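Take a look at the structure below.
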Amino acid sequence: MSEKRYRVELTEEERAQLGAIVGSSGRVARKKRMRAQVLLKIDQGPQGPGWTDEKAAEAFDVDGRTVRTIRKQLVLEGFERALERKKRAEPPRKPIFDTKGEGELLALAAGKAPDGRARWTLRLLAGEVVRLKIVESVSHETVRAVLKKGICNRTVRKHG
C-alpha cells in the first residue's frame, strides 16, 4: 500500500486526551467519541497501532471517506477541529423574526388587547404582526416561541 498523504502521529498528550474521551463514563457526543476512537487507531506514531483507513472504517462502522476526512482534518486544521463536527455557517432555516421584530411583537403582546377581547391570543398576535408588516407571514407557534423566549408570560404578574 502506498504512503498516506496525511500521516497521523499523535503526541502522548493527544493520546491521553483521546483516551479520556473514549474511556469517559460521562456524556460525550457519539460522533466525538467515534472520532476519538478512529484517531487512536489510525495513529502511525511509535505508540499507535497504525490501522489502515479501511480497517478503521469497518471497525467503527463508518465510510472510508469519513476516516480520510478525520485524518485530513487532524493534519491540516489541528487536533480540536478533528474531534468536533463542523459548525454551520448559517442555520438551516432563516429566523422569521429579527431582534427588532421580536421587540415589536413583545411590545404588542404587552399592550392593550384589541376591542372586544380581554387579552391577545397567539393567533390574533400572528395576524396583527402580518397586518403591521413586521413579518411577511408567521405561524401562531412561532409567535408562542418568541413570547416564551422573551419571557412574556401573561399569567405571571411579577418577575423576580
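General observations
- Scan of the stretch 47-63 for residues that are surrounded by 14 or more Cβ atoms within 10 Å (Cβ to Cβ) and more than 16 Å from ARG15 (Cβ to Cβ), ordered by number: THR52, ASP53, LYS55, ALA57, PHE60, VAL62
- Going through (1) within 30 Å of HIS140 (Cβ to Cβ); (2) among the β-branched types (Val, Ile, Thr); (3) out of contact with any Ser or Thr (no Cβ under 9 Å at 6 or more places or on another chain); (4) buried (at least 16 other Cβ atoms within 10 Å of the Cβ) one by one, THR121 falls short only on (4).
- Being farther than 17 Å from GLU80 by Cα, surrounded by fewer than 17 Cβ atoms within 10 Å (Cβ to Cβ) and not aromatic (Phe, Trp, Tyr) is a condition met by at least one residue of the stretch 12-24.
- Selected residue [modelled with pLDDT of 95 or more and touching a helix residue (DSSP H, G or I) at 6+ places or on another chain (Cβ under 7 Å)] from VAL138, VAL130: VAL138
The values are calculated or read from the model by the stated rules, or taken from the named source; none is laboratory data. Not measured: the values here are computed from a predicted model. No Cβ is skipped: glycine too gets one built from the backbone with ideal geometry, and neighbour counts run over all protein chains shown.
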